[in-house]
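The values are calculated or read from the model by the stated rules, or taken from the named source; none is laboratory data. The shown structure was predicted, so the numbers you read here are calculated from the model rather than taken from an experiment. Note that we place each Cβ from the backbone using ideal geometry, even for glycine, and neighbour counts take in every protein chain shown. For accessibility, only protein heavy atoms count, side chains too; no ligands or nucleic acids. Shrake-Rupley method; radii C 1.70, N 1.55, O 1.52, S 1.80 Å.
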Amino acid sequence: MSATDKPGEMSLISGFSRRLFLSTTLAMVVAASLSLMLTVVAFNTGLRPYLLDKARAVADAVQYDVAYAMEVGIPFEEIRGLEEHMAALVKEHPEVSALRVVPSDAAAALTDKSAEQAAFVAKEPLGVGLVQSLRDVAGVVFKTGSVFEMVYVDIVYDGQVLGKVEATIDEGYLDGKMTSVFFDTLVILIAVSLVALEVIVVLSTSQLTRPFHMVERAVNGRAGGDLRQYQIGRGKGRLARFIETMNEQNAHLSTKLSQAINNARDAVLTSRLTVFGEKTSVLKTDPAQKASIIDARIPLFVFCFAEELQKSFLPLFVAEFHSESDLFARDIMMGLPISAFMFVIAVFTPFAGKLVDRFGNKTLFLFGLLPAVSGYLICFLAQSANDILLGRSITAVGYAVITISCQSYIAAVVTAENRARGMAIFVGVLMAATMCGTAIGAILADWLGYKMVFMVATVFALIAGLLGWQMLGTDLPKPEKKKSAAGGSLISTLMRNSQFVLIVLFCAIPAKVILTGFLYLFVPIYLASLDATQSEIGRVMMLYSLIIIPTSPLASGFADRLGKNLWMVIFATIASGVVLLGLYQSTSAAMVLAVVAALGVVHGFLKAPLIVAAMEAAEKSADITRTGALSLLRTSERIGSVIGPVIVAALLVYLDHGEVAAILGISVAVLGIVMAILSFNRGSSAAHASS
C-alpha cells in the first residue's frame, strides 16, 4: 500500500488478497490439524510401551530384593523396611506412582494386562491402534477420562508364588508428557502458520496482485490510446517482460514522433504533432514505483522474532547466573536487564529518529544489526548476571535503530486517512513476531538451554539484515521540513504540547509499565513459583500477542471510522488496570492465563490508536515532524518500560504476587480516570471557546 494507490485499485487488491488468505489459511488449518493429531498419536503409541517396561523393571528390582532377603534366611512375612525401600524407588522414578507387595491370597485374582496392551498396540492393524490412541489422547487433552496401568511381577521362592509386586504407572506423568507434546506442537504450528501468512502477504502483493494490476493498467491504457512508458516494478517475470515489450513499442513510436517534431518546418504541423504527443502521452514516463509497507514487513518480522526469543525466560536466565559479585541482589537483578534494555532504547530513540531523517531507513536498519548481534553473542558467552545486563544493553541500541527506522518507513508511505491501519500493520507485525518468538524461544530453552537461544537469535538477526538489504526501498517521500521554534528542541516542544504530554504520562507510560513489569517479569516469576515448566510459561505469554494480532486491525479500523482515537486509548487504559485485579487473592495458573488473555484484548484496542492519537496531538505543533513525533513517543514509552520491571521487582520483595498485581492495576486505572477527566474538561473548554 503506497500513497499513490487509488481506493478502487486497493479494493480489488484487498478482495483478491482476502480470498487468497482464506483459502491458504483453510489449507494450513487442515494440514496442521492432521499433523498435530498424528504427532500426538505417534508419541502416545511410542511412549506407552517404554513406560510399561520401566514400571516392570522397577517391580523386578523389588522382587529381586525380596528374593534376596529370603535367600539369606529372612521369612517373607518378616521382611522389614520394604515400604520405605519402595517409597524411595517411587521418588527416584517419576514414571511410577505407587509400589506395593500383594500377598499370594490377595494376588490370585490379579492379572497383568500390560503385556496384552503392548501387544495390542504392536499387532493390531494401524487403523485400530490409531483409534485407540486417539481416545487416549482426547482423554488427556480434554480431561474426559482416566486410564490406570498396572504391572504385576510374581515373587517366587522354591517354585512357590508368595505374592506379587504391583507397580502403578503414574498417569499424571504420561498425561503431562502427552499434553506438553500436544501444546508444543500446536505452538510450533501456529508460529509456522503466522510466518507463512507473513510470507504470503508479501509474495501475493509483490508477485501477484501488484504485477497483475500493472499489466491491467498498461493494457487498458494502451487500448485507450495511452502510449506512455508504463511502470514495470521490481519484478523480472513474464508479466514484467510483457510490459517491457509494450514499452519498447511505445518507445519506438516516441522516437519517431520526436524525430518528426524536430524535422518539421511547418509550425502548424509541429503544433499538431505536439498535441498528438500530449493526447497519447507517448512522450511521458510513469514515475518510479513508490515504496510500500510490504517492503518492511518481512525484515521487521524476522528481526523482532529473533529479539523476542528470550522474553519468556530472561528473568530465570539471570537468576541462574546470578552471583555475589553482581551489581545488585538477586531479586532486583532479575528485572534489571529488562529495565536496562528499555532505558537504553529510551535514551537512543531520539537520536535514531534524527539519524533516520539524515541517512535513510535502509541504511539505519542495516547499521542497527551490528549492536543487536553483538549483544546476543555477549549473552551467549555470559558467565554472570552483569554480562547479561551488558549484552541486553548493547542489543537495545540496535533494537531502537531498527524499530524506529521501520516505523518511520511505514508512516512515510501511508496516507493520512489510512494512518491507523498503517500503524496497525506495524503493531501486527510486532505482535506476530512477539507471539512466535516468545513461544518458540521457550520451547528452544527447554530443548537446548538458555544460552543456545541467543545463538539462534543471532542467526535470525543476520537473516533479517539480508532481507532488509534486498527489500527495503530508498524512494521514500522526503521528510517533512518544519521550522524549529526559536531556541527550541524536541523536548521543549513536547513540554509545550499539553495534549501530547497528557497522552504520554497517563496512557503510554502506564501501558508500558504493564507490558514490561507485569507480562515480561511478573508472569514468568509467578508461573515459575507455581511449578510451571518453561514451555508452559512461554505458551501463557504467547497468548497476549496471539490475541492482539487479530484484535488490533479490527480496533484500528473501528477507530478510523469513529475518529475518536484518544477516547479509545483512555478507556483501554482504564480497562487494562481493572483486568489486573483478577489476580488479587488468586493463586492459580488458570487465572494468570485468563488475565493475560484479557490484557491482550484490551491492549489490542490501545496500541495502534495510541500511536495515532499521539501523532494527531503532535501535528498541532508546527515544529515537530512525523518522525520526530514517533521518536518522542517511543522515547516517552520507554520510561514506563524502564520503571515497570524495577517497580514490580521492588514490590515483590515485600508483597505477595496478588497484592502486587492489585496495586499495579489500581494505579493504572486511576491514571486512566484522571486522563478522562482532564480530556473531558479540555474538550468542554474548547467547545465553549469556539461558541
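Averaged over residues, the count of other Cβ atoms within 10 Å places the peptides 566-574, 540-548 in the sequence 540-548, 566-574, highest first. If one computes P(r) from the Cα atoms of region 330-382, what percent of pairs lie at distances over 15 Å? Of all Cα-Cα distances in region 330-382, 62 percent exceed 15 Å.
Descending by average beta-carbon neighbour count within 10 Å, the peptides 579-585, 515-521, 94-100, 650-656 line up as 515-521, 579-585, 94-100, 650-656, the highest first. Projecting the Cα atoms of M541, I570, V523 onto the charge dipole of region 518-649 (Cβ charges, centred on the Cα centre) puts I570 farthest toward the positive pole.
Taken per residue, the accessible surface of region 508-609 reaches 33 Å², heavy atoms only and a 1.4 Å probe.
Give the Rg/Rh ratio for region 298-364, taking Rg as the radius of gyration of the Cα atoms and Rh as the Kirkwood radius, to two decimals. Taking Rh as the inverse mean 1/r over Cα pairs, Rg/Rh reads 1.11.
For region 218-267, the calculated P(r), taken from all Cα-Cα distances in 5 Å bins from zero up to the bin holding the longest distance, is 5, 20, 22, 19, 14, 10, 6, 3, 2 percent.
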